[in-house]
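The next block holds one structure in the form of structure tokens; read it before the comments.
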Amino acid sequence: MVLPRRSDAQSLEAIARNASSFRRIAARIPTYLTDLRENPAWLPMFVLARTMPGRRVHWLTAKSVKPTENSNATMFAGVDRNTVVEALRSEGLFSGFFLPSSIQQEITHFAKQTPCFGNFDRRLEFLPTDHLVAEGDFGRALLSGHYFERILKCDAALAVQRDPLLHEVAAHYLGAQAQLITTRVWWSFPTQSVSDAEKNLASLDKYHFDLDDWRMLKFFFYLSDVDNDCGPHVYVRGSHNRRIIKHQLTLLVGHPADEVLGAYGTDNAITLTGPAGLGFVEDPFGFHMGTVPKQAPRLMMEVGFGVSRPSRRRFHGEPVIR
């Protein structure tokens, strides 16, 4: 038996990666076409916002923010807006928001009592407490459970969405054009036999950056306890401010971990763990990923801001990918 030489093995691995990349691009074509129909301005953003020169030019259009005192009414006592904005500018990440326990418990109760949709598919509807039964009934692994527009029926989720501190941080970081573009809550479940395609769709276990707008900011809140076995979020600190040429001149937003960490530093990969209620905010142009839970499901909330006209579909994180 003749074993392949290292260079041959590397070539085969590269071919396999490229084939997988082309399949992912092809699968996303329906989503791209839908985005283009909804908003023709999406195309120049999609092409240019992945490049550092394009982004720097667009950041010059950020408008200054008028002083406001609304943050006094925030539920996040003790969090200083300027400290958050400075951390975002330098590192792309700030962790230290904590939901009041009453808010966290109300959203969690709503999520446990409300049917969600598995793997972004509205045909796969189930109660999260029936996850294992639903996998048997549907005959497939259910990696995630999203609520889409149903979360807007939860008063506590709306209170987080409207919190003045979040809006002030977004405006001072993104510019006065900042506006709410996403509000979503979802489960990530431990499950067996998950395909790479399903992980990619759920943005799990693969470093990627978001490219839904020129400038974005996302607040995340853990609604369940999250340790290393419960699907923690990982962010590569500082990667929002720099990008190697290879990662600018490609249609792909996802890249292998060794490539990402080799370019931006293993020490900069921050794994965010903490109790239910912990919140953090990031510039999602930096490389990040969720991880697949091993022991217990993870319940999470996202409130996102951007500077362009929001999509009704993307407001709840619903893709068109089929």
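Would you please name the residue that is farthest from residue 141 (Cα to Cα), looking only at residues in region 69-121 that are among the aliphatic types (A, V, I, L, M), at pLDDT 95 or above and part of a loop (DSSP other than H, G, I, E, B)? Please lay out each step first, then the result.
Our first condition is that a residue be among the aliphatic types (A, V, I, L, M); within region 69-121, this holds for 73, 75, 77, 79, 84-85, 87-88, 93, 99, 103, 107, 111.
Applying the additional criterion that residues be at pLDDT 95 or above yields 75, 79, 84-85, 87-88, 93, 99, 103, 107, 111.
Now drop any that are not part of a loop (DSSP other than H, G, I, E, B), which leaves 75, 79, 99.
Details: 75: 37, 79: 40, 99: 31 Å.
If we take residues in region 69-121 being among the aliphatic types (A, V, I, L, M), at pLDDT 95 or above and part of a loop (DSSP other than H, G, I, E, B), then 79 is farthest from residue 141 (Cα to Cα).
Does residue 59 meet the test of being aromatic (Phe, Trp, Tyr), over 20 Å from residue 254 (Cβ atoms) and either at pLDDT 65 or above or under 20 Å from the mean Cα position of the chain (by Cα) (or both)? Give the steps one after another, and end with the answer.
Working: aromatic (Phe, Trp, Tyr): yes; over 20 Å from residue 254 (Cβ atoms): yes; either at pLDDT 65 or above or under 20 Å from the mean Cα position of the chain (by Cα) (or both): yes.
So residue 59 fits the description; yes.
What about residue 302, is it under 21 Å from residue 105 (Cα atoms), among the charged types (D, E, K, R) and surrounded by fewer than 20 Cβ atoms within 10 Å (Cβ to Cβ)?
Spelling it out, residue 302 is indeed under 21 Å from residue 105 (Cα atoms), among the charged types (D, E, K, R) and surrounded by fewer than 20 Cβ atoms within 10 Å (Cβ to Cβ).
Going through 96, 78, 92 one at a time, which residue ends up being touching a His at 6+ places or on another chain (Cβ under 6 Å) and under 29 Å from residue 240 (Cα atoms)?
92
Residue 266 - would you say it is surrounded by fewer than 18 Cβ atoms within 10 Å (Cβ to Cβ), out of contact with any Gly (no Cβ under 6 Å at 6 or more places or on another chain), polar (S, T, N, Q) and under 13 Å from residue 234 (Cα atoms)? It would help to see each step written out before you state the result.
On the way: surrounded by fewer than 18 Cβ atoms within 10 Å (Cβ to Cβ): yes; out of contact with any Gly (no Cβ under 6 Å at 6 or more places or on another chain): yes; polar (S, T, N, Q): yes; under 13 Å from residue 234 (Cα atoms): yes.
For residue 266, the condition - surrounded by fewer than 18 Cβ atoms within 10 Å (Cβ to Cβ), out of contact with any Gly (no Cβ under 6 Å at 6 or more places or on another chain), polar (S, T, N, Q) and under 13 Å from residue 234 (Cα atoms) - is met.
Which residues, counting only those in region 289-320, are among the basic types (Lys, Arg) and part of a strand (DSSP E or B)?
298
Would you mention how many residues in region 115-140 are in contact (Cβ under 8 Å) with a residue 40 or more places away in the chain and not hydrophobic (A, V, I, L, M, F, W, C)?
Of the residues in region 115-140, the ones in contact (Cβ under 8 Å) with a residue 40 or more places away in the chain are 116, 119-120, 128, 131, 135.
Now drop any that are not not hydrophobic (A, V, I, L, M, F, W, C), which leaves 119, 128, 131, 135.
The number of residues fulfilling the criteria is 4.
So in region 40-99, with the set limited to residues that are within 21 Å of residue 233 (Cα to Cα) and among the small types (Gly, Ala, Ser), which one is surrounded by the fewest Cβ atoms within 10 Å (Cβ to Cβ)?
90
If you take the residues of region 108-151 that are buried (at least 17 other Cβ atoms within 10 Å of the Cβ) and aromatic (Phe, Trp, Tyr), which of them is farthest from residue 318 (Cα to Cα)?
110
The values are calculated or read from the model by the stated rules, or taken from the named source; none is laboratory data. Small disclaimer: the values here were computed from a predicted structure and weren't measured. Cβ atoms come from the backbone with ideal geometry, glycine included; neighbour counts cover every protein chain shown.
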